[in-house]
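Reading through the structure tokens given below for one structure.
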Amino acid sequence: MSTGGTPAGAPPSTHTTARQSRAVRWAVGVGAAIMSAIGLVLMFLLTLATNNRALYERNYAWLFGVNVFVALLLLGVLVWVAVRLGMRLRKGRFGSRLLVKLAAIFAVVGLMPGLLIYVVSYQFVTRSIESWFDVKVEGALSAGVSLARVSLDSLAADMAAKTRNASTQVAQVPDATAGLVLERIRDQLGATDVVLWNAAGQAVASAGQSRFSLNPERPGASLLRTVRQQRATAQIEGLDDIADPAAAQNARVKVLALVASPSVGLLVEPRYLQATLPLPPALVANAIAVQEANREYQERALARGGLRRMYVGTLTLSLFLAVFGAVLLAVLLGNQLVRPLLVLAEGVREVAAGNLSPKAALQGKDELGGLTRSFALMTQQLADARQAVEQSMGEVDAARANLQTILDNLTAGVIVLDAQGLIHSSNPGATRILRAPMAAFEGRPLSEVPGLAEFAAAVQRHFDAFLGDHERHGLDHWQQPFELHASAGGAGQHATSLVARGAELPDSARLLVFDDISEIVSAQRAQAWGEVARRLAHEIKNPLTPIQLSAERLEMKLSGKLPGPEQAILAKSVKTIVDQVDAMKRLVNEFRDYARLPAAELHALDLNALVADVLHLYGEENATVPVEAELDPRCPWIAGDAQQLRQVVHNLLQNAQDATEQARTDAAEAALQPVRISTRWSESSRRVRLTVTDSGGGFPAHILQRAFEPYVTTKPRGTGLGLAVVKKIADEHGARIDLSNRTDDGVVRGAQVSLSFAPVPAVA
């Protein structure tokens, strides 16, 4: 059907397309051949049926049905071809208009002669079949049937009149003696059977065949009412089945007449005389013959319409075959002509749409076949080039994804800004360090992020200075430390120390990288203070004992040798020296304890039991400020060092008592608010929280930010090591510690220190 094909080395998709195209063409060809064969067979069977009346009558129904089926099938194929052509035309596929024109030309070429033959044949068939039947014969047969029916009706009416006249003979005869009269009436009428019925429909007397019947057929109530109204009625029986050969012998007239009664009264019951009279066999035979002839004529007249429809259907089928063959030939020839152009057009459309998959190529030896092969080769080269580009882009995307993964997992913060300071992108590390939702501020200036206005301004100044003097210093980045101050609400949000580095990116973008060095600074400070404490303890403690001993010996040697006033001065001076030496010793011991704090030995520990044990030392007889406890029984055990946690509880309670007592002294209040210590198990965070609150004056803002650093204190005689030791022990236990002021309507009402511990999994 086509001289074209696909090259031997074409990709599988090309081979698949070619196989599908060949399959469609084979399916169309085979379908057309099958339908043509069916049409020829039907026309042959129709010819046989026309010549053989019995065969025609026997196979008329299925021949007509198969003809209709084939006609509908051919019509469906034609509609399918037209729809496909219409779809190709609507989609604007190249060559569609040419295919439509070719199909229209071939369809017109096949349709016009077919229509001419169809019209002539239709007129010939209809007029020829009509001429086979004579209208006069049909009228004569109808008149004969009517005449036979009128004759039989007249004969039945005459017999009814005779029976009515004969009924007067039994009018005055009693029921007991009516049998003899009925015999005489039967002979007079020539009836085969005579029966006398009473008003209840029961046989009074009978003559003829009824005498030998136990239950003769009784007339119905409706028939008796009709007889009372009409005086007599007659029915012809035995002519229902004219195909029965014995119908002429069994034909009869059954007459029922009302017997007139001579007496008049309400109690007189009417009686009915029924007579069955045979019809003349010759008359019945003639009537049956006329009726049979008319029935056969009508059946043939009906068959005339079926035969005409069969011929018309066959002619219509032939016309469809001709038109279908013409359209099919147009499609096949048109496809053969425009197929190379269609292949090129489809390929060009796909390339324009970005589809560079291997294209079909024809193996024809003409110029169009060579053009399709050159186009397929060009498309393959383009596909290879694009594949290489996509592979490179894939590698770039993979590298970008890897870079993004690295940025997301960096502990350092990374922000990309444009020249105006707008945030282009940021990583999670920036959100964590700056404690602000940086992703929500993308596309907005860094200065609009809450709490970062000063930081943004400083960063902008450093970028301006770096870029303005870039050629002179020749550096590729700038670096500067920063300290971000949070609100004064609590030490849990203390100042964050940063070291930031800035560099220039392409397209005037700016890269800002910063690290949180708060823990490093805190550790360095703790280490430095520990070293100071160790040296102070070593340098100061050694001369304290000789100083104390020298002062005491001096007092002992001079005691009693000086006048009274000088003796008092000596005693006071020595006491001052001894007291100050003791204070220095206590300070040195605190330095030593902070510097030599041992590593925590963690074991499963009941925090509630530990707190309850420590509270025994803060009873009413010992504590200057009462302590109230609220311990949550749901608290699981934690991993802790009992000795160090005791020290933490002691330090917190002592600080709270000191702050509460100092606040009472400053405010000259007599009432003391108790110190509260509580434990609580949080289901949401899955941690145990220890909280100590007081009613003191709270912490000043500058102290609150550095409360956990050594030697930072609000007490007149404090060393500032209490909270530093607590912070160090909390770090050893992996506990989070928070310090904040309790406020009420903006007025500080005291301080609160909280530590949260993770539970022991096995015990929790």
Is the C-alpha gyration tensor of the range 410-516 telling us rounded, prolate or oblate? Criteria: a/c under 1.5 is rounded; beyond that, a/b larger than b/c is prolate, otherwise oblate. prolate
Set the Förster distance to 22 Å, then compute FRET efficiency between Ala285 and Thr192 from the Cβ-Cβ distance, nearest 0.05. 0.70
Around Ala104, under 15 Å between beta carbons, what's the net of Lys plus Arg minus Asp minus Glu among the other residues? +4
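Rule-based calculations on the coordinates, nothing more; no lab input. All of these numbers come straight from a predicted model, not from anything done at the bench. Cβ: placed from backbone, ideal geometry, glycine included. Neighbour counts: every protein chain shown.
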